[in-house]
Structures are given as C-alpha cells and as structure tokens.
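Undergrad: Right, I'll just put the structure down here and ask away after.
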C-alpha cells in the first residue's frame, strides 16, 4: 500500500501556508509534556490565528496525567511517580464561541497529592507505582485488607485522568455533569464549568452485582444506552457484561466465568451484539496478585504465545451467543465494529500490539530514554462469521469458533487514540482518525531526544482500501492523509461534525469528514501548546488557539466534545 500523503502545512498565517522545516533541532525539548505546568482555574482567553468556523460552538473537555513529582514535607525530597498511567490527573476545558477560545483547568486529585506530600508514598492500588522496598512484610500483608478507594471520602482523593464522558447519571440526577473515568471501577463527577470534583461513584451504584474492581474506561454508547463490563476477581473470576441508560438503570446481559482476568480498556458494539475481547494482559492468582503488589503492572503474567485472544459475543438483549478465538495480541482501543450488511458477520477493527511489553515502555525513565511505546501498533481487522442470532437454549453449550484475521495493517496505517464520526459508530464506515507515528521518522531512533515524541502526526485513514490484496497504484495519490510538523507533538484528535439543517438531514447521510478535528499539540519551538483546528476533509489547519509562550499542557489522554450549549 502506498504511503499516505504527508501534509506539513502548519503555519501561523493560515491563509498562506508555508511548509515547516523537516530538520530536527537539538534545542527542541519534547520532555516538556511530562513536566509540571500550573493549573488555571479561572478562564483565560487564548490567542486565535486563522479562522475558527462560526458554527463551532461548545466545550472541549480533556483529561490526563499532569503531576509526576510531589514534594514530601517530612523528608524535604521529591517523590517521583514512575509510570505515565499513575500521573496525577488534570482536567481541561476549552470553551469555543463566536470564534473565541477560553481555557481553564483544574487538578483533579488535590487531596491525593496532599496524602503523598505527608506520607511520601502513593496510597491505594496503582497501575505501576511500586511500594517502598523497605516496607515491612507485615505492613504489606495488612494492606491486603485495606479498601483500595474510599468512595465516600473526598472526591479529590482519587486520580481519574483517562476518559471524560458526558450524559452519565449515577444517582438519578439529570443536571449537566461531566464524569471522568479510568479502568478502575471508580468514576469522578466534576462540575462542567469549574471542573471541581464533586463526588465519586462506581457501577455498584447502578447495580449491586457490579462491585468488581475493574471496568473499561471506554463504554460503548448507542443513543441513551451504554455498554460495559465489570470484572470481579478473587477465588473465582467473573466478567459481567451490562447495559445502563442515562437515568442510571442497569441490567446485566451476561456473566462470563471461563475467561482469565485481564486489563481491558475498551470493548466492541454492533447493532445486535456486545463483543468483549479478552486479549492477553492477564493478572496472576485470579487477580489477587494486584492486591499483594498494590499495582497492576507487577501482577501481570508473562506473555504466553499459546494463550489465544477470546471474543465473547453477547446479545444486546441478554445472553452469551458465541465465542471466537484468534492468535494472541494486546490492545487499548477498539477503532469501530459493525455487522456486515451482506452476510451478518461481525467486523472488528482494533489498534493491536504484538504483546503487552508497551506497558513497561510507559515507565517514565523508559519514555525519556528512547523507548517509543506505540511503534509496534498495527490496525487489525477480524471477522466473526456465522454468529447465532440468539443464545443457546438451556442445556446447550456455547459454541466456539475461529475468528478470521482479515488483514493486519502496515506502518503507514498505524493508528492510536482512534475515533470515527458518531453517526457511523457501530455501523459500516469509511474514515477513521487518530494519532500516528510515521514509519521513517527520526523519532523512532533509540537515543534521540525525539523519542519523547509519543506521536508525531494525525492520520485520516480511508478504510475502503484496507485489504491485504489491494493496494493503491503507484501512480495514484494515497487516500490516507497525514498532518504533521517536526516541532509538534499532537494528542488525540476529537472530531466535531458541522451542524446540519433539517433539509440536509432529510436529504441523506452526512459525510463522515464534514467537520473539523480539534487537536491539542505541544509546540517545541515556543515551549508551549496550542489547540489546532483542522479541516477533517482536507486535513489542513484552518485555525489555532495559542497559549502564551512557555505555557504548555502536559500530555493528556482523551477528550469529549459537548456541543449542546
């Protein structure tokens, strides 16, 4: 397949694009994305260049880790947070109206930070923060019986910095609130204006059986319904696949007891099915090793080439209908999923890794010393054929089939933090957007400062040409587009479609690229960050909102657009 078209048209004067230099400069410090920057609790207006569309009106919420070093009062030294996934959360809010952009932010774990300042250790269960090696065995034993999180305590005592979600109701209240989720069964509700943490909830608030410690931070949404899983660990292991609505009512669709406990960040949805892919990231001792180590990373089993990925297909109306297996892989993000309109097969697209070694590469020392965690990611498409329409009758076994690997993408189409247009989610679709790492970019050379660039570009992939048997003729322009500049580290793109008139809505399906992409990127030249607005069709910049020089946003994770205002 031909390499995607590279668009380097990033400039201050948007009306007269000038390609930026492709020469890497030694003074460019991309490690800024892992360094402290102060929060801004009061709105600040950003400098806008170019033109932001008049129809773009709403709020972009983002969240991610921001604090990796905490000053300990007793010792007079800093305690360092050693893994990217354990950085203390900061929530961000960009309000866009009439071409102006206002920004504010708030640390989401003030109370947790205070605990670390006083004790010198990160309390509770973490993703990879290791306890003090001098901690006595008896102390470690008794922590097994301590609750991991105090749900009734200060909501600022938990760091929820992965995924912002709109429209959840945890207690029957319908006012507009924003929920911050992680892969732990704890949700932090924040004020939509000030971002102040207000309360902690869990899925047990919706259903008493959803009490397990792990769930995906990416629920699958369809209208007013969400679908997720809850993993209960211990003597036995149970995955409960469930549905809940915007009033807080929940229903368990299936209980799965024959799968190993694993770290699962996302799942799949189609018109008739929920698909839980138990890829390999297995926790030892039925998950109890997490409680002993007080972190997930040290509880992981070594990679096993013989442990297949298991796809559990659950009816959206209840019941496990089939299982499929494939060769092992690991993933964070489902790209999209749907049912083939021709034969009803389930198509699953995922950003897949050959193993879970990237989790170790996300330790801060590794990230800063040349290990790029996403360089091995590949687009994989699976087909689940012959799926029964209903669960087996009582006494009948659930059948297991082999999943077909339709194709594995190459370096030119690798994608992370993927998204598609909302109206084609869980349906056949054409375009996907996400972060990208170019195949031949110097950021992949170990020992280079550029290795701190987790990504170097934004990609738009045309799925209509993604096959193992077809490629773009060399004389034709690639259908894939990449937006990049050497001095930028872009984060996850958030797609916002142009509002449509009633006449347009009645006239047919909206184009999947009829809108803009909102991208927060670190600018190494200015030691600052900007919010870029890209035309989703051409993948060219049409405007940006700049922070003052030397003010940057630490590398965040996910975002959500609220256009209801």
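Undergrad: Picking from 286, 306, which residue would you name as being at pLDDT 95 or above and either surrounded by 19 or more Cβ atoms within 10 Å (Cβ to Cβ) or not in a strand (DSSP E or B) (or both)? Steps first, answer last, please.
TA: Values: 286 fails: at pLDDT 95 or above.
After applying the criteria, what remains is 306.
Undergrad: What residue, of 274, 237, 241, is in contact with a helix residue (DSSP H, G or I) (Cβ under 6 Å, 6 or more places away or on another chain) and touching a residue at least 40 places away in the same chain (Cβ under 8 Å)?
TA: Values: 274 fails: in contact with a helix residue (DSSP H, G or I) (Cβ under 6 Å, 6 or more places away or on another chain); 241 fails: in contact with a helix residue (DSSP H, G or I) (Cβ under 6 Å, 6 or more places away or on another chain).
Being in contact with a helix residue (DSSP H, G or I) (Cβ under 6 Å, 6 or more places away or on another chain) and touching a residue at least 40 places away in the same chain (Cβ under 8 Å) holds for just one of 274, 237, 241, which is 237.
Undergrad: Could you check, for segment 409-417, whether at least one of its residues is over 30 Å from residue 496 (Cβ atoms) and touching a residue at least 12 places away in the same chain (Cβ under 8 Å)?
TA: Looking only at segment 409-417, we keep the residues that are over 30 Å from residue 496 (Cβ atoms), and these are none.
No: zero hits.
Undergrad: Could you list, in sequence order, the residues of segment 430-478 that are within 23 Å of residue 532 (Cα to Cα), modelled with pLDDT under 80 and outside any helix (DSSP H, G or I)?
TA: So in segment 430-478, the residues within 23 Å of residue 532 (Cα to Cα) come out as 431-438, 441, 443, 450-462.
Next, from what is left, pick out any that are modelled with pLDDT under 80: 441, 443, 450-453.
Correct list: 441, 453.
Undergrad: Check segment 548-558 and report whether any residue there is touching a residue at least 40 places away in the same chain (Cβ under 8 Å), within 21 Å of the chain's Cα centre (by Cα) and part of a strand (DSSP E or B).
TA: yes
Undergrad: Go through segment 79-102 and give me each residue that's in contact with a helix residue (DSSP H, G or I) (Cβ under 9 Å, 6 or more places away or on another chain), assigned to a strand (DSSP E or B) and surrounded by fewer than 23 Cβ atoms within 10 Å (Cβ to Cβ).
TA: 79, 80, 88
Undergrad: Which one is nearest to residue 269 (Cα to Cα), of the residues in segment 222-234 that are in contact with a helix residue (DSSP H, G or I) (Cβ under 9 Å, 6 or more places away or on another chain) and at pLDDT below 95?
TA: Filtering segment 222-234 for residues in contact with a helix residue (DSSP H, G or I) (Cβ under 9 Å, 6 or more places away or on another chain) gives 228, 230-234.
Narrowing the set further to residues that are at pLDDT below 95 leaves 233-234.
Working: 233: 24, 234: 28 Å.
Applying the filter and picking the extreme gives 233.
Undergrad: Continuing with this model, one more query. Of all residues in segment 34-78, count the ones that are farther than 24 Å from residue 367 by Cα, in a strand (DSSP E or B) and under 24 Å from the mean Cα position of the chain (by Cα).
TA: Going through segment 34-78 one residue at a time, the tally reaches 4.
Undergrad: So which residues in segment 270-283 are within 18 Å of residue 352 (Cβ to Cβ) and assigned to a strand (DSSP E or B)? Outline the logic, then answer.
TA: Of the residues in segment 270-283, the ones within 18 Å of residue 352 (Cβ to Cβ) are 275-282.
Of everything in segment 270-283, those that are within 18 Å of residue 352 (Cβ to Cβ) and assigned to a strand (DSSP E or B) turn out to be 275, 276, 277, 278, 282.
Undergrad: Of the residues that sit in segment 253-262 and are without any contact (Cβ under 8 Å) to a residue 60 or more places away in the chain and part of a strand (DSSP E or B), which one is surrounded by the fewest Cβ atoms within 10 Å (Cβ to Cβ)?
TA: First, pick out the residues of segment 253-262 that are without any contact (Cβ under 8 Å) to a residue 60 or more places away in the chain: 255, 257-262.
Those still in the list that are part of a strand (DSSP E or B) too: 255, 262.
On the way: 255: 15, 262: 24.
Selected residue: 255.
Undergrad: Consider residue 368 carefully, then state whether it is surrounded by fewer than 20 Cβ atoms within 10 Å (Cβ to Cβ), within 28 Å of residue 80 (Cα to Cα) and out of contact with any strand residue (DSSP E or B) (no Cβ under 9 Å at 6 or more places or on another chain).
TA: Values: surrounded by fewer than 20 Cβ atoms within 10 Å (Cβ to Cβ): yes; within 28 Å of residue 80 (Cα to Cα): yes; out of contact with any strand residue (DSSP E or B) (no Cβ under 9 Å at 6 or more places or on another chain): yes.
Considered against the rule, which asks whether it is surrounded by fewer than 20 Cβ atoms within 10 Å (Cβ to Cβ), within 28 Å of residue 80 (Cα to Cα) and out of contact with any strand residue (DSSP E or B) (no Cβ under 9 Å at 6 or more places or on another chain), residue 368 comes out as yes.
Undergrad: Taking the conditions exactly as written (surrounded by 15 or more Cβ atoms within 10 Å (Cβ to Cβ), farther than 20 Å from residue 84 by Cα and either touching a helix residue (DSSP H, G or I) at 6+ places or on another chain (Cβ under 9 Å) or free of Cβ contacts under 8 Å to residues at least 12 places away in the same chain (or both)), does residue 294 satisfy them or not? If you could, list the steps in order and put the result at the bottom.
TA: Values: surrounded by 15 or more Cβ atoms within 10 Å (Cβ to Cβ): yes; farther than 20 Å from residue 84 by Cα: no; either touching a helix residue (DSSP H, G or I) at 6+ places or on another chain (Cβ under 9 Å) or free of Cβ contacts under 8 Å to residues at least 12 places away in the same chain (or both): yes.
It is false that residue 294 is surrounded by 15 or more Cβ atoms within 10 Å (Cβ to Cβ), farther than 20 Å from residue 84 by Cα and either touching a helix residue (DSSP H, G or I) at 6+ places or on another chain (Cβ under 9 Å) or free of Cβ contacts under 8 Å to residues at least 12 places away in the same chain (or both).
Undergrad: Do we find that residue 515 is at pLDDT 90 or above and under 18 Å from the mean Cα position of the chain (by Cα) in this structure? Break it down into steps so the answer makes sense when it comes.
TA: Details: at pLDDT 90 or above: yes; under 18 Å from the mean Cα position of the chain (by Cα): no.
Criteria not met by residue 515.
Undergrad: Which residues, counting only those in segment 184-200, are farther than 22 Å from residue 562 by Cα and either exposed (fewer than 15 other Cβ atoms within 10 Å of the Cβ) or out of contact with any helix residue (DSSP H, G or I) (no Cβ under 9 Å at 6 or more places or on another chain) (or both)?
TA: Kept after step one, since they are farther than 22 Å from residue 562 by Cα, are these residues of segment 184-200: 184-186.
184, 186, listed by residue number.
The values are calculated or read from the model by the stated rules, or taken from the named source; none is laboratory data. This is a predicted model, so every value here is computed, not measured. Cβ: placed from backbone, ideal geometry, glycine included. Neighbour counts: every protein chain shown.
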